[in-house]
1. Under the Karplus relation 6.51 cos²θ - 1.76 cosθ + 1.60, θ = phi - 60°, what is the ordered set of whole-Hz ³J(HN,Hα) values for segment 18-29, x standing for Gly and Pro?
2. Skipping prolines and chain starts, which residues have an amide H placed within reach, meaning under 5 Å, of the one on ARG132, given they are 5 or more residues away or on another chain?
3. Students often forget the sequence filter, so: which lysines lie under 17 Å Cα-Cα from LYS28 once same-chain residues fewer than 8 apart are removed?
4. Solvent-accessible area of GLU180, probe 1.4 Å, all protein chains present, reported in Å² to the nearest ten, please.
5. Within straight cross-link reach of LYS145, meaning Cα distance under 26 Å, which lysines are found once same-chain residues fewer than 8 apart are removed?
6. Can you sort THR10, THR33, THR62 by solvent-accessible area, 1.4 Å probe, largest first?
Amino acid sequence: MNAAPPAGKTQLRVGRLVKAHGLKGAIKLELYTDDPEGRFVPGATFTLQVPESSPWHGKPLTVREFKFMNSHPVAFFEGVDDRSAAEELIRAILWVDEESQPSRVEEDAWFDHQLVGLDVVRDGEVVGKVVRVDHLPAQDLLIVKAHDEEVLVPFVKAIVPEVDIAAGRLIVTPPAGLFEELPDDDENHGDAASEPGDDRPGTSA
(Lines give C-alpha, C1' and ligand atoms only; values in the text may rest on other atoms or scores of the structure.)
Protein backbone atom coordinates (compact mmCIF):
# COMPACT_ATOMS: atom_id res chain seq x y z
CA MET A 1 0.00 0.00 0.00
CA ASN A 2 1.24 3.48 -0.80
CA ALA A 3 2.48 5.17 2.36
CA ALA A 4 1.33 8.67 1.38
CA PRO A 5 -1.80 10.27 -0.12
CA PRO A 6 -1.89 10.94 -3.84
CA ALA A 7 0.19 13.92 -4.94
CA GLY A 8 -1.30 17.21 -6.05
CA LYS A 9 -3.93 19.16 -4.22
CA THR A 10 -4.31 18.95 -0.46
CA GLN A 11 -6.48 15.93 0.16
CA LEU A 12 -8.43 14.59 3.11
CA ARG A 13 -8.68 10.92 4.04
CA VAL A 14 -12.33 10.01 4.54
CA GLY A 15 -12.43 6.22 4.70
CA ARG A 16 -10.88 2.82 4.12
CA LEU A 17 -12.46 -0.20 2.44
CA VAL A 18 -12.16 -3.10 4.86
CA LYS A 19 -14.30 -6.08 3.77
CA ALA A 20 -16.46 -7.34 0.92
CA HIS A 21 -20.09 -7.68 2.01
CA GLY A 22 -22.42 -10.09 0.25
CA LEU A 23 -22.29 -11.07 -3.42
CA LYS A 24 -23.35 -7.84 -5.16
CA GLY A 25 -20.22 -5.71 -4.71
CA ALA A 26 -20.98 -4.07 -1.38
CA ILE A 27 -17.96 -3.11 0.75
CA LYS A 28 -17.79 -2.36 4.47
CA LEU A 29 -16.06 0.91 5.36
CA GLU A 30 -13.89 2.22 8.14
CA LEU A 31 -14.90 5.88 8.36
CA TYR A 32 -12.57 8.82 8.98
CA THR A 33 -15.31 11.44 8.70
CA ASP A 34 -17.99 12.78 11.04
CA ASP A 35 -20.39 13.25 8.12
CA PRO A 36 -20.59 9.93 6.25
CA GLU A 37 -24.04 10.65 4.78
CA GLY A 38 -22.71 13.91 3.37
CA ARG A 39 -19.48 12.43 2.08
CA PHE A 40 -20.84 9.21 0.55
CA VAL A 41 -23.78 10.59 -1.40
CA PRO A 42 -24.51 8.90 -4.76
CA GLY A 43 -22.17 10.37 -7.34
CA ALA A 44 -19.43 11.32 -4.86
CA THR A 45 -16.04 10.46 -6.35
CA PHE A 46 -12.85 9.57 -4.46
CA THR A 47 -9.18 9.31 -5.28
CA LEU A 48 -7.88 5.83 -4.41
CA GLN A 49 -4.73 4.98 -2.50
CA VAL A 50 -3.91 1.46 -3.68
CA PRO A 51 -0.78 -0.48 -4.66
CA GLU A 52 0.55 0.16 -8.15
CA SER A 53 -0.23 -3.49 -8.95
CA SER A 54 -3.94 -2.94 -8.29
CA PRO A 55 -6.25 -2.79 -11.33
CA TRP A 56 -7.75 0.31 -9.66
CA HIS A 57 -4.44 2.21 -9.50
CA GLY A 58 -4.91 5.69 -10.97
CA LYS A 59 -8.68 5.29 -11.27
CA PRO A 60 -11.39 7.19 -9.35
CA LEU A 61 -14.12 5.44 -7.37
CA THR A 62 -17.70 6.73 -7.47
CA VAL A 63 -20.43 5.99 -4.92
CA ARG A 64 -23.60 4.33 -6.17
CA GLU A 65 -25.27 3.77 -2.78
CA PHE A 66 -24.39 4.18 0.90
CA LYS A 67 -26.21 2.70 3.89
CA PHE A 68 -25.75 1.32 7.39
CA MET A 69 -26.34 -2.41 7.69
CA ASN A 70 -26.41 -3.81 11.23
CA SER A 71 -24.73 -0.54 12.34
CA HIS A 72 -21.86 -1.06 9.85
CA PRO A 73 -21.31 1.50 7.08
CA VAL A 74 -21.56 -0.20 3.68
CA ALA A 75 -21.19 1.28 0.21
CA PHE A 76 -21.79 0.20 -3.38
CA PHE A 77 -19.58 1.75 -6.06
CA GLU A 78 -19.80 2.20 -9.82
CA GLY A 79 -18.06 -0.63 -11.67
CA VAL A 80 -18.02 -2.90 -8.59
CA ASP A 81 -20.82 -5.35 -9.30
CA ASP A 82 -19.82 -8.57 -7.57
CA ARG A 83 -17.81 -9.89 -4.65
CA SER A 84 -14.69 -10.55 -6.75
CA ALA A 85 -14.56 -6.92 -7.87
CA ALA A 86 -15.14 -5.76 -4.30
CA GLU A 87 -12.26 -7.85 -2.99
CA GLU A 88 -9.88 -6.11 -5.40
CA LEU A 89 -10.51 -2.90 -3.46
CA ILE A 90 -10.04 -4.18 0.08
CA ARG A 91 -7.63 -2.00 2.11
CA ALA A 92 -7.92 0.87 -0.38
CA ILE A 93 -7.98 4.31 1.25
CA LEU A 94 -10.38 6.97 -0.02
CA TRP A 95 -9.31 10.61 -0.42
CA VAL A 96 -11.09 13.80 -1.51
CA ASP A 97 -9.77 17.22 -2.42
CA GLU A 98 -9.98 19.65 0.48
CA GLU A 99 -11.95 22.04 -1.72
CA SER A 100 -14.76 19.47 -1.94
CA GLN A 101 -15.39 19.46 1.80
CA PRO A 102 -19.02 20.05 2.80
CA SER A 103 -20.01 23.71 2.98
CA ARG A 104 -21.50 23.10 6.42
CA VAL A 105 -18.79 23.82 8.97
CA GLU A 106 -19.26 22.44 12.45
CA GLU A 107 -18.28 24.56 15.40
CA ASP A 108 -15.19 23.27 17.23
CA ALA A 109 -14.37 20.74 14.53
CA TRP A 110 -11.02 20.35 12.81
CA PHE A 111 -9.43 18.15 10.21
CA ASP A 112 -6.58 15.89 11.30
CA HIS A 113 -4.03 17.76 9.19
CA GLN A 114 -4.94 21.02 10.96
CA LEU A 115 -4.17 19.51 14.38
CA VAL A 116 -0.97 17.64 13.56
CA GLY A 117 2.04 19.85 14.28
CA LEU A 118 0.31 22.13 16.78
CA ASP A 119 2.23 23.02 19.95
CA VAL A 120 0.59 21.72 23.11
CA VAL A 121 0.56 24.39 25.82
CA ARG A 122 -0.04 23.77 29.51
CA ASP A 123 -0.01 26.63 32.04
CA GLY A 124 1.66 28.87 29.46
CA GLU A 125 4.45 26.39 28.71
CA VAL A 126 4.87 24.25 25.60
CA VAL A 127 4.90 20.63 26.77
CA GLY A 128 4.80 18.81 23.44
CA LYS A 129 3.54 18.68 19.87
CA VAL A 130 0.63 16.84 18.25
CA VAL A 131 2.03 14.11 15.98
CA ARG A 132 -1.20 12.35 14.96
CA VAL A 133 -4.88 11.88 15.75
CA ASP A 134 -6.36 8.46 16.55
CA HIS A 135 -10.09 7.94 16.04
CA LEU A 136 -11.58 5.49 18.54
CA PRO A 137 -15.23 4.51 18.95
CA ALA A 138 -15.55 6.30 22.29
CA GLN A 139 -13.61 9.48 21.45
CA ASP A 140 -10.72 10.93 19.48
CA LEU A 141 -7.21 10.92 20.94
CA LEU A 142 -4.46 13.45 20.28
CA ILE A 143 -1.08 11.72 20.23
CA VAL A 144 1.38 14.23 21.70
CA LYS A 145 5.17 13.86 21.52
CA ALA A 146 6.49 15.07 24.89
CA HIS A 147 10.05 14.48 26.08
CA ASP A 148 10.63 11.61 23.64
CA GLU A 149 7.44 9.90 24.77
CA GLU A 150 3.96 9.74 23.27
CA VAL A 151 1.13 10.95 25.51
CA LEU A 152 -2.46 10.02 24.65
CA VAL A 153 -4.65 13.06 25.26
CA PRO A 154 -8.45 12.57 25.06
CA PHE A 155 -9.77 15.20 22.67
CA VAL A 156 -12.62 16.43 24.87
CA LYS A 157 -13.34 20.00 25.89
CA ALA A 158 -12.61 19.33 29.57
CA ILE A 159 -8.98 18.52 28.68
CA VAL A 160 -8.50 20.52 25.46
CA PRO A 161 -10.50 23.71 26.07
CA GLU A 162 -8.93 25.76 23.28
CA VAL A 163 -7.58 25.10 19.79
CA ASP A 164 -5.97 28.04 18.00
CA ILE A 165 -5.04 26.96 14.49
CA ALA A 166 -3.86 30.45 13.51
CA ALA A 167 -1.47 30.59 16.46
CA GLY A 168 -0.30 27.03 15.89
CA ARG A 169 -1.17 25.78 19.35
CA LEU A 170 -3.78 24.19 21.54
CA ILE A 171 -4.30 24.57 25.27
CA VAL A 172 -4.55 21.54 27.55
CA THR A 173 -5.75 21.27 31.15
CA PRO A 174 -4.90 17.61 31.73
CA PRO A 175 -5.67 15.61 34.83
CA ALA A 176 -2.80 14.95 37.20
CA GLY A 177 -0.54 12.20 35.93
CA LEU A 178 -1.24 12.56 32.23
CA PHE A 179 2.03 14.32 31.45
CA GLU A 180 3.98 13.28 34.53
CA GLU A 181 4.19 10.44 37.03
CA LEU A 182 2.31 10.95 40.25
CA PRO A 183 4.09 10.60 43.60
CA ASP A 184 3.48 7.26 45.24
CA ASP A 185 1.26 8.57 48.02
CA ASP A 186 -2.37 9.18 48.79
CA GLU A 187 -2.37 12.92 48.24
CA ASN A 188 -3.28 12.67 44.60
CA HIS A 189 -6.01 10.10 44.91
CA GLY A 190 -9.12 11.51 43.39
CA ASP A 191 -7.28 14.43 41.81
CA ALA A 192 -7.51 13.11 38.29
CA ALA A 193 -10.32 14.86 36.57
CA SER A 194 -12.92 12.71 35.00
CA GLU A 195 -13.18 12.83 31.26
CA PRO A 196 -16.76 13.84 30.67
CA GLY A 197 -17.99 13.58 27.17
CA ASP A 198 -19.21 16.74 25.46
CA ASP A 199 -20.86 17.63 22.26
CA ARG A 200 -17.63 18.54 20.53
CA PRO A 201 -17.59 16.68 17.23
CA GLY A 202 -13.80 16.40 17.39
CA THR A 203 -12.14 15.88 14.05
CA SER A 204 -14.01 15.64 10.83
CA ALA A 205 -13.32 15.23 7.24
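1. Computed from phi, the couplings for segment 18-29 are 10, 6, 5, 10, x, 10, 10, x, 5, 9, 6, 10 Hz.
2. It is ILE143, by chain and number.
3. The reachable lysines, counting only those whose Cα sits under 17 Å from LYS28, are LYS19, LYS67.
4. 70
5. Of all the lysines, those that pass the test against LYS145 - Cα under 26 Å, at least 8 places apart if same chain - are LYS129, LYS157.
6. Values: THR10 75, THR33 15, THR62 35 Å².
If we order THR10, THR33, THR62 from most to least accessible, we get THR10, THR62, THR33.
The values are calculated or read from the model by the stated rules, or taken from the named source; none is laboratory data. This one's a predicted model, so the numbers in the text were calculated from it and none came from an experiment. For accessibility, only protein heavy atoms count, side chains too; no ligands or nucleic acids. Shrake-Rupley method; radii C 1.70, N 1.55, O 1.52, S 1.80 Å.
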